[in-house]
1. Of Ile36, Ile22, which residue is more than 43 Å from the chain's Cα centre (by Cα) and modelled with pLDDT under 90?
2. Spot the failing condition for Glu127; the list is (1) in contact with a strand residue (DSSP E or B) (Cβ under 8 Å, 6 or more places away or on another chain); (2) under 30 Å from Ile39 (Cα atoms); (3) without any contact (Cβ under 8 Å) to a residue 60 or more places away in the chain, and only one is missed.
3. Given the conditions (1) open to solvent by 70 Å² or more (accessible area, probe 1.4 Å); (2) touching a Cys at 6+ places or on another chain (Cβ under 7 Å), and given that Ser115 satisfies all but one, which numbered condition is not satisfied?
4. Which strands (runs of 3 or more DSSP E) sit wholly inside the range 258-323 and have at least 3 residues that are of a type outside the set (A, V, I, L, M) and within 29 Å of Phe237 (Cβ to Cβ)?
5. Please count how many residues of the range 61-76 are open to solvent by less than 40 Å² (accessible area, probe 1.4 Å) and out of contact with any Asp or Glu (no Cβ under 7 Å at 6 or more places or on another chain).
6. So which residues in the range 296-317 are open to solvent by 60 Å² or more (accessible area, probe 1.4 Å) and touching a residue at least 60 places away in the same chain (Cβ under 8 Å)?
7. Go through the range 325-348 and count every residue that is without any contact (Cβ under 8 Å) to a residue 60 or more places away in the chain, outside any loop (DSSP other than H, G, I, E, B) and either of a type outside the set (A, V, I, L, M) or open to solvent by 60 Å² or more (accessible area, probe 1.4 Å) (or both).
8. Output the strands (runs of 3 or more DSSP E) that fall wholly within the range 175-238 and possess 1 or more residues being at pLDDT 95 or above, at negative phi and of a type in the set (Val, Ile, Thr), or say none.
Amino acid sequence: MSELSFEQMLEDSVKTIRNGEIVQGTVIDVKEDEIILNIGYKADGIITKNEYSNDSSVVLADAVHPGDTMEAKVLKVNDGEGQVILTYKRLAAEKGNKRLEEAFESQEVLKATVSQVLDGGLCVNVEEARVFIPASLVSDTYEKDLSKYADQEIEFVITEFNPRRRRIIGNRKQLLLAEKAEKQKELMEKIHVGDTVEGTVKNVTDFGAFIDLGGADGLLHISEMSWGRVENPKKVFNVGDQVKVLIKEINGNKIALSLKFPEENPWLSAAEKFAVGNVVTGKVARMTDFGAFVELAPGVDALLHVSQISREHVAKPSDVLTIGQEIEAKVVDFNEEEKKISLSMKALEAPAQEEVSEEE
């Protein structure tokens, strides 16, 4: 039996490793671009910065220190220079994928920091495993600019898990919709028609304003914004305004709102203010061929018939009146039930003096 050389005996006493094997080692040095590990092999293991993390901003000297123990996966037993090339991030990603698979099956809510903002969505890393959240699944409303999510910690669930195709999809929208539905349910259980509630103006359109009531949106139609006339809601409300509104109607999940509070109804005192015989002042609000409608108070209009404008003949109201003109007139008819008031300017005019011819 031939005797073994010292080198052969030393080689036999050192463990063997293979590509793909998971090894444990002790950090013996940390450089700017690589970590050197003693893995109990004849050569040291090297983890480059690129194989440590997907985060290019990471500083190796801050993340790892000599004496630390680490697990890594063998990429190459010999890189041509006798060194063993290892990867830390891929092993971490495999563990992360396992974590994501469990979260996918249980629909666990995960939390992670946005690592990248793309045109089509967001990227987050869970234990070095990459999750993509498409733009359509980031929010429950359309968001053109996703840059505000950069470096933000967000919650999401995994709704698609296919690591072989590198397709792991996160969904934040699902959580927001579920939260919104729960808040809506709570709100609908506690509000009733006739309640006065506080809300925030969420959007203003030509036909009204949408008010966030803290769980559901209600519509404040232009016709319900005032007892008087509102020409343009955008001149009355701004997004973010705080308002107190009346619940006028609830139809399923639709809520109709109003600012026409019953106790402020101008018709409650109209019988006294605008009784027949009273002389009143108002502004011409609109005109037709048969007469002009005069606003006596917000929500109280009266008709000034063309025949009651003057003792002189008036063909049409616009011949002598203009929109916004303030006029004085006498109330000649008041119908509270039908909310109709008739005015006369003619009644305030002095009768024309008849010319008396003198006989000589």
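The values are calculated or read from the model by the stated rules, or taken from the named source; none is laboratory data. Please read these numbers as outputs of a predicted model, since none were measured by experiment. When we count neighbours, we look across all protein chains shown, and the Cβ atoms used for this are built from the backbone with ideal geometry, even at glycine. Heads up: the accessible areas ignore ligands, DNA and RNA and are worked out on the full protein's heavy atoms, side chains in. Shrake-Rupley method; radii C 1.70, N 1.55, O 1.52, S 1.80 Å.
1. It is Ile22.
2. (1) is the only condition that Glu127 fails.
3. For Ser115, the failing item is (1).
4. 279-287
5. Residues of the range 61-76 that are open to solvent by less than 40 Å² (accessible area, probe 1.4 Å), as a first pass: 64, 70, 72, 74.
Keeping just the survivors that are out of contact with any Asp or Glu (no Cβ under 7 Å at 6 or more places or on another chain) gives 64, 70, 72.
Selection size over the range 61-76: 3.
6. Residue satisfying the conditions is Pro298 alone.
7. The total comes to 10.
8. Output list reads 196-204, 208-212.
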